[in-house]
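Working notes, structure below.
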Amino acid sequence: MATGIQYYGTGRRKTSTARVFLRPGSGGMVVNRKPLEQAFPTEALRTQIKQPLAVTETADKFDVLATIAGGGIARLDHDVVHARDHCRPWLWW
């Protein structure tokens, strides 16, 4: 894949905002400058966040960088889907 490419999605609900960047990579996830395991304390939340990329078999094709402000963190999976939908179909099918 070409370098410098990234896909961006924003999710908003009430007072929370999540910004998600997908970049070609090996499957790393960083949330608010922390590894996913530190940002989300439970395996259930981590699984929920990884699910959109796992379903489309793209978990090992993208790195995810997310920033979350306000509200909560449980809806990040929808923001990952939104960012993924901006990708060209040949990247994930």
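Please go through region 43-71 and give me each residue that is of a type in the set (A, V, I, L, M, F, W, C), touching a residue at least 40 places away in the same chain (Cβ under 8 Å) and farther than 21 Å from residue 13 by Cβ, ordered by number.
Within region 43-71, 62 is the sole residue that qualifies.
Which of the residues that make up region 28-64 are in a loop (DSSP other than H, G, I, E, B) and open to solvent by less than 30 Å² (accessible area, probe 1.4 Å)?
Result: 40, 56, 58.
If the requirement is being open to solvent by 60 Å² or more (accessible area, probe 1.4 Å) and modelled with pLDDT of 85 or more, which of these qualifies: 12, 23? Walk me through how you get there before you give the answer.
Numbers: 12 fails: modelled with pLDDT of 85 or more.
Of the residues listed, the single one that is open to solvent by 60 Å² or more (accessible area, probe 1.4 Å) and modelled with pLDDT of 85 or more is 23.
The values are calculated or read from the model by the stated rules, or taken from the named source; none is laboratory data. Note that the structure is a prediction, hence the values are computed from the model and not measured. Neighbour counts are summed over all protein chains in view; Cβ atoms, including those assigned to glycine, are modelled from backbone coordinates with ideal geometry. All accessible areas refer to the heavy atoms of the entire protein, side chains included, with ligands and DNA or RNA removed. Shrake-Rupley method; radii C 1.70, N 1.55, O 1.52, S 1.80 Å.
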